[in-house]
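K.L.:
There's a structure below that I have some questions on.
The values are calculated or read from the model by the stated rules, or taken from the named source; none is laboratory data. Being a predicted model, the structure only gives us computed values, none of them experimental. Backbone-built Cβ (ideal geometry, glycine too); neighbour counts: all protein chains shown.
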Amino acid sequence: MTEQLALFPRTADLPEGLQYAAGFISPAVERELIGHIAALPLQPFQFGAYEGKRRVASFGFRYDYTLRRLQEAKPIPEWLGPLIEQVEAFGGPSTQVAQVLCTEYEVGVGIGWHRDKPQFDRVFGLSLGSPCKFRFRRRRGESWQRYTLDAEPRSLYLMSGESRRIWEHSIPGVEALRYSITFRTMADQTS
Ligand SMILES: O=C(O)CCC(=O)C(=O)O
């Protein structure tokens, strides 16, 4: 496993706290996961009164944009168990995934600039089916500092630190059907 993990070159623009592991899962596991996600009752992403084009299913918790808070969602399905163990091992001691989001991006569909909700802490993302340009930006005076991660299918990224809290991220419309599984740990609500 370790030899499959390709860490990207250190560049001046690399957002602090961003990690990337190519080949995090095998093609066989990827096929299985895509089968499970495609069989879910995926729903268009709800953003208050608006609907996004990507289709999603949340487990553990979901963020309600009308109520502006987390709501309990269906329990995390058993087929995600081994993968969550692998993600938690990648995250290191005390990593506990509490929320999972499965997303389907049809051709031309992406996700706009955002930071994940502050109720969550670290964010792991597994890419399935096709690559995407995972873009980062942060304000630098009058302009933006930018970084693009080429997220390959079967790779895992981890956003922590500044890449999670300061930088925004987005994905332009994908060129082929892409699925992702996002794993989030909870922020310490007492601090
Ligand atoms: O599909 C992905 O890898 C990113 C998903 C994302 O940024 C989100 O759901 O907030």
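K.L.:
Quick one: is Gly110 farther than 18 Å from Asp188 by Cβ and in contact with a strand residue (DSSP E or B) (Cβ under 7 Å, 6 or more places away or on another chain)?
P.N.:
yes
K.L.:
Go through segment 140-162 residue by residue and tally those that are within 17 Å of Trp113 (Cβ to Cβ) and within 12 Å of the ligand (Cβ to nearest atom).
P.N.:
So the count comes out to 4.
Here's the yes/no breakdown for (1) in a loop (DSSP other than H, G, I, E, B); (2) within 22 Å of Ser26 (Cα to Cα); (3) of a type outside the set (Ser, Thr, Tyr):
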{"position": "Trp144", "(1), (2), (3)": "no, no, yes"}
{"position": "Thr148", "(1), (2), (3)": "no, no, no"}
{"position": "Ser170", "(1), (2), (3)": "no, no, no"}
{"position": "Tyr179", "(1), (2), (3)": "no, yes, no"}
{"position": "Thr182", "(1), (2), (3)": "no, yes, no"}
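K.L.:
Looking at segment 86-122, which of its residues are in contact (Cβ under 8 Å) with a residue 60 or more places away in the chain, in contact with a His (Cβ under 9 Å, 6 or more places away or on another chain) and either in a strand (DSSP E or B) or among the small types (Gly, Ala, Ser) (or both)?
P.N.:
Passing the criteria: Cys102, Ile111.
K.L.:
Residues Ser155, Ser143, Ser163: which one is more than 25 Å from Glu106 (Cα to Cα), surrounded by 20 or more Cβ atoms within 10 Å (Cβ to Cβ) and modelled with pLDDT of 95 or more?
P.N.:
Ser163
K.L.:
Now a separate question. Considering only residues of segment 95-125 that are closer than 23 Å to Leu177 by Cα and surrounded by fewer than 14 Cβ atoms within 10 Å (Cβ to Cβ), which is nearest to the ligand (Cβ to nearest atom)?
P.N.:
Out of the qualifying residues, it is His114.
K.L.:
Filter segment 166-191 down to the residues that are within 11 Å of the ligand (Cβ to nearest atom), surrounded by 18 or more Cβ atoms within 10 Å (Cβ to Cβ) and farther than 15 Å from Leu14 by Cα and list them by number.
P.N.:
Those that are within 11 Å of the ligand (Cβ to nearest atom), surrounded by 18 or more Cβ atoms within 10 Å (Cβ to Cβ) and farther than 15 Å from Leu14 by Cα: Ile171, Val174, Arg178, Tyr179, Ser180, Ile181, Thr182, Phe183, Arg184.
K.L.:
Still on this model: Given the structure, is Leu128 within 13 Å of the ligand (Cβ to nearest atom) and either of a type outside the set (Ser, Thr, Tyr) or at pLDDT 95 or above (or both)? Explain how you work it out, then say what you get.
P.N.:
Working: within 13 Å of the ligand (Cβ to nearest atom): yes; either of a type outside the set (Ser, Thr, Tyr) or at pLDDT 95 or above (or both): yes.
Spelling it out, Leu128 is indeed within 13 Å of the ligand (Cβ to nearest atom) and either of a type outside the set (Ser, Thr, Tyr) or at pLDDT 95 or above (or both).
K.L.:
Give me the pairs: first residue in segment 22-46 and over 20 Å from Ala89 (Cβ atoms) and more than 15 Å from the ligand (Cβ to nearest atom), second residue of a type outside the set (Asp, Glu) and in a loop (DSSP other than H, G, I, E, B), beta-carbon distance under 8 Å, and six or more apart or on different chains, which are they?
P.N.:
Sorted first by the residue in segment 22-46, then by its partner, the pairs are Pro27/Arg154; His36/Pro77.
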